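Undergrad: Before anything else, here's the structure in question.
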Amino acid sequence: MNCRETQSLLVAWQDGELSPGTSARISEHVSACPSCREIEMRLRAATPMAGPGLPNDLRRLAWDRIDRALELARATPTPVPPSALERLGGHLGAVNERVPLPFGAVVGYAMVLGLALAWGASNWWTANLLRAEVEGRRIVVEAPASDVPAAQFRPASYAPTAPENESSAP
Amino acid sequence: MGTESAAALSGVFTDEDEDIKRLSRTNRRAAVDAVVRRYRDRILHHAIYVLKDYQEAVDVTQEVFIKAMREPRLFDGEFRVKAWLFRVTSNLCFNIVRDRRRRTNILDAMPKVDRYMPDQIENIVGDERQVVILGAMDKLTGEHKEILSLRYYSDLSYNEIADVLGIKLGTVMSRLSRAKGRLVEVLDELGVVLDEDTVRKVLA
Ligand SMILES: [Zn+2]
């Protein structure tokens, strides 16, 4: 086992998480290699260790508060199955576990309100479009100006060359 | 905590969890109480080490057990109660730490590590050296801090950590190795001596 391999496994070796075989090979390398031994010691010195923990009075205080919170939660009726909207809100809220329901509900309501507004806006928009189109058509319909002499629309080449011929052609 | 760790290593915990599951079939309420009694100190201490605030840690512990009580799968055959409890605790603590950071960003005030430390922190953590190590952990990423807490303060095995974090055993190994390497670097930057003599004294 070389230095790189050894060093990558040192922490697991110290934590006793390696197989006996691998563990023995690490021990062998560490005892023979000064630089790996130095790293091993520094890692060991930096190991966090749990202290004696909370003093008894603070532990008991915490236990009491946990028991009371559970009693209170038991006394509150189990929440009724949530509606589809609440489920949606709850689902979105679950992203932030700290504030599951209020956040989710707010998002849910906001979405419904947004949808309603969007629906209203789209109706208004459609109505406007329709009105604009009708009005546009009306302009088109009214456009042929009856007061413009029809002759004016005739191309110059269409000048009455021989109206007589036209009428007496056949 | 010492006897509990010994029990964990000998696998007594798993057997007791099975007993609790059996109890739940006849008396769910008593089974929930048994889960609370069994894990309350470990969950509370895990939260204390992460949050360094007694009140907030108690709040989190309450919330964890209320969630457990309302968890329909809690006593299912395959359900791993211990990993679930630590995962929920870790998530709740992570949210609190993130909110704190956001709050201090808004106020544009530098957070002080000891602001969240009760006076008794030295009693809880152990000696002065361990207080320094705990303080140094605040300079690590959340991911590294979390895995170090789970391993060394809550005394979970690599397998249990893999369960709690939902990662592979190999990832636990490499992440812990990197986290500890970073911790050594931070302690170096803080001028904490980690030479052979000190190690001997510390481990004596
Ligand atoms: Zn080497």
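The values are calculated or read from the model by the stated rules, or taken from the named source; none is laboratory data. As the structure is a prediction and not an experimental result, all values here were calculated from the model. As a convention, Cβ positions derive from the backbone with ideal geometry for all residues, glycine included, and neighbour counts pool all protein chains shown. Protein only, heavy atoms only, side chains kept; ligands, DNA and RNA dropped before computing areas. Shrake-Rupley method; radii C 1.70, N 1.55, O 1.52, S 1.80 Å.
Undergrad: Just how much of B:Lys145 is accessible, in Å², when a 1.4 Å probe is used and the result is rounded to the nearest 10?
TA: B:Lys145 exposes around 40 Å² with every protein chain in place.
Undergrad: Using a 1.4 Å probe and counting only protein heavy atoms, how much accessible surface gets buried when A and B come together, both sides summed, in Å² to the nearest 100?
TA: 4500
Undergrad: Next question, about the same structure. The stretch B:127-204: percent of C-alpha pairs farther apart than 20 Å?
TA: Taking all Cα-Cα pairs of the stretch B:127-204, the fraction more than 20 Å apart is 36 percent.
Undergrad: What is the mean number of Cβ atoms from other protein chains located within 10 Å of the Cβ atom of each residue in peptide B:36-48, rounded to a whole number?
TA: 3
Undergrad: Contact order normalised by length for the stretch A:3-75, with contacts defined as Cα pairs under 8 Å and 6 or more residues apart; what percent is it?
TA: 28
Undergrad: Semi-axes, largest first, in whole Å: what does sqrt of 5 times each Cα gyration tensor eigenvalue give for the stretch A:3-75?
TA: 45, 15, 9
Undergrad: Over what distance in Å are the Cα centres of the stretch B:168-185 and the stretch B:37-84 separated?
TA: About 25 Å separates the Cα centre of the stretch B:168-185 from the one of the stretch B:37-84.
Undergrad: Lys pairs in the stretch B:127-204, Cα-Cα under 24 Å, at least 8 apart or on separate chains: how many?
TA: For the stretch B:127-204, the number of qualifying lysine pairs is 5.
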